[in-house]
1. Considering only residues that are more than 26 Å from Tyr226 (Cβ to Cβ) and not hydroxyl-bearing (Ser, Thr, Tyr), look in region 259-297 and name the one that is surrounded by the fewest Cβ atoms within 10 Å (Cβ to Cβ).
2. For region 1-19, name all the residues that are without any contact (Cβ under 8 Å) to a residue 60 or more places away in the chain and either within 17 Å of Arg176 (Cα to Cα) or among the aromatic types (Phe, Trp, Tyr) (or both).
3. Looking at the structure I just gave you, is Glu245 farther than 23 Å from Ser346 by Cα, among the acidic types (Asp, Glu) and touching a residue at least 60 places away in the same chain (Cβ under 8 Å)?
4. Looking at region 386-400, which of its residues are more than 18 Å from Ser436 (Cβ to Cβ) and either surrounded by 14 or more Cβ atoms within 10 Å (Cβ to Cβ) or not aliphatic (A, V, I, L, M) (or both)?
5. Please count how many residues of region 19-36 are part of a helix (DSSP H, G or I), touching a helix residue (DSSP H, G or I) at 6+ places or on another chain (Cβ under 7 Å) and modelled with pLDDT under 90.
6. Filter region 235-264 down to residues that are closer than 26 Å to Phe200 by Cα and either charged (D, E, K, R) or touching a Pro at 6+ places or on another chain (Cβ under 7 Å) (or both) and give me whichever is modelled with the highest pLDDT.
7. So which pairs qualify, if the first residue must be in region 249-268 and among the basic types (Lys, Arg), the second must be in a helix (DSSP H, G or I), the Cβ gap must be under 8 Å, and the two must be at least 6 apart or on different chains?
8. For region 352-374, name all the residues that are modelled with pLDDT of 85 or more and either surrounded by 13 or more Cβ atoms within 10 Å (Cβ to Cβ) or not charged (D, E, K, R) (or both).
Amino acid sequence: MVHGEPLLGVIRICYNIALHSKSPVNQATSKAMLTQMINIIFRRMETDSQAQVSTSTGSTENEEAASAEKSDLSTEETPNADQNEEEMTLGDALNQIKETSLASVEELHNLAGGADIKGLEAVLDKAVHTEDGKKITRGIDLESMDIGQRDALLVFRTLCKMGMKEDNDEVTTKTRILSLELLQGLLEGVSHSFTKNFHFIDSVKAYLSYALLRASVSQSSIIFQYATGIFFVLLSRFRESLKGEVGVFFPLIVLRSLDGAECPANQKMSVLRMLEKVCKDPQMLVDVYVNYDCDLEAPNLFERMVTTLSKISQGTQIADPNSAAVSQTNSIKGSSLQCLVNVLKSLVDWERSCRELEKKSKSTQSLQEEVSAGESAEVKGREDVPNNFEKAKAHKSTMEAAISEFNRHPVKGLEYMISNKLVEHNPASVAQFLRSTPSLNKVEYLFPIIFYIVLGPYNHS
C-alpha cells in the first residue's frame, strides 16, 4: 500500500489530470479516482481505529480477569475508571478545546457577529501555521498516529489547504471548487463514529474553518454554494464535535448573507435552500436552540434566524415591478416564508414526539410497579425537558437585559441584577460578577457609585 508523501503525490497527479486534461473522459475518471481514494483512506482509518478499540478492550478484559483472581475490589474499580476516562474524553472535549484554543470562543463570536473577515482570517491563519509548526498540544500529534490516521490527516489538511487558496485566476478557482467538492463529499460520507472522533477533528478543524471562511466570502457563486453545503454537513452531522465552529459560521454564512443588502440574490437563495432543509429537521432546530439560545456564552442563533426570515418574508418591494429583480425578490420572500412554515411544523412534530415518549414511559411504569420509583423519576425528567429549556432561555434573557441595562446605567443595572437574584447583595458577589462577565462595559467600572459599592470595603484592607 502507498502511504504518506507518495500517497499525496498520487493525489496531486490525479488533481492535475482533473484540472488540466483536455479530455472530459480523463477529467471525470481522475475525479472519480480521487473520490474513491479518499473514501478508501478514511474507511481504512475508521477500520483501524475500530480494530484498536477492540484490541484494547480485549486486553483490558484479560487484565481484569487476571486481576479478579487476586482481588475482587480491583475488578470492580477498573471498569469505573475506564468509564470515567471515556466520559471525560467525550463530554469535556469542547471545554478542553476552549481552554487550549489560540483565540477565545467569545472573540471568534464577536469577529463573526461583526463580519470581521480579516480578524477571523488572522486568527485561523495563526492556528493553521502553529499546527504546521507542531507547536500546539491539542488534537493528535502526527508521530503518535498509526499509518491510517496519518494518511487521513494529511489528505484532509491537503484538501483544506487547496480549498483556501487566494488567487482568483481560473486554475486556482478550479482547484478550490474541486477541493471543496471532495471535502463536502468526504464529510457527507464518513461514518457516524467519525463525527464523534473529537481528537482527530480537533487536529483538522483549524484547516476546515479556514477553508470554509475563504469559501464563504468568495465572489464565485459556485464556491459559495459549496460553502453552504459544507456548513450544512457540519450543522447536521458535526454539531456536537464542532459546536464552537458552528456558532461562528452560522452568523457569518447565514445571517450575514440574509441581512446584507448588497449580498447577491443567488447567494441568498443558496442560503435559504440550505435553511429549508435545516428547518425541516426537528432535532436539529431544538439542538440549535438549546446549544446557543440557552447558552449564556453563545449567540442567539435560533432567535436571530427566525427574526431575519420573518423580516425578509414581510419585506416590501420598491423596485420596478417589471424588472427581473422583482422575480428574484419574490423567490427570496417565498423561500423565507417556507423556512418559517418548516420551523413551525418541526416544533409541532418535536412536541408531539415528546408527548408520545411520555405516554410510553407512563404505560411502562404502570406495567412495572416494582420499579415505580425509578421509572417515575425518569418520566418526571422527560416531562421537565421543555421546562428546563424555558428556564434556561429565561435566565439568559434576564442576564442579557441586565448587561444591557448596566452598560447604559451602571447603578440601575446593578440594582436590576440584585433584584433578579443574578448576584447577591454584597460587595464580594458583585465584584466577582463584574470580573467574570465579559460583555460588561469595563470603562463604566470607574463610575463613582460602583467604585464605592464594590471596592470601598477593600480600600482599607
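The values are calculated or read from the model by the stated rules, or taken from the named source; none is laboratory data. All values derive from a computational prediction rather than experimental measurement. Glycine also receives a Cβ, built like all others from the backbone with ideal geometry; neighbour counts cover every protein chain displayed.
1. Filtering region 259-297 for residues that are more than 26 Å from Tyr226 (Cβ to Cβ) and not hydroxyl-bearing (Ser, Thr, Tyr), the one surrounded by the fewest Cβ atoms within 10 Å (Cβ to Cβ) comes out as Leu296.
2. Once the filter is applied, which keeps residues that are without any contact (Cβ under 8 Å) to a residue 60 or more places away in the chain and either within 17 Å of Arg176 (Cα to Cα) or among the aromatic types (Phe, Trp, Tyr) (or both), region 1-19 yields Arg12, Ile13, Cys14, Asn16, Ile17.
3. So Glu245 does not fit the description; no.
4. Hits for region 386-400 are Pro386, Asn387, Asn388, Phe389, Glu390, Lys391, Ala392, Lys393, Ser397.
5. Selection size over region 19-36: 1.
6. Applying the filter and picking the extreme gives Arg237.
7. Qualifying pairs under 8 Å: Lys268/Ser257; Lys268/Leu258; Lys268/Ile332.
8. Listed by number, the list holds a single entry, Ser353.
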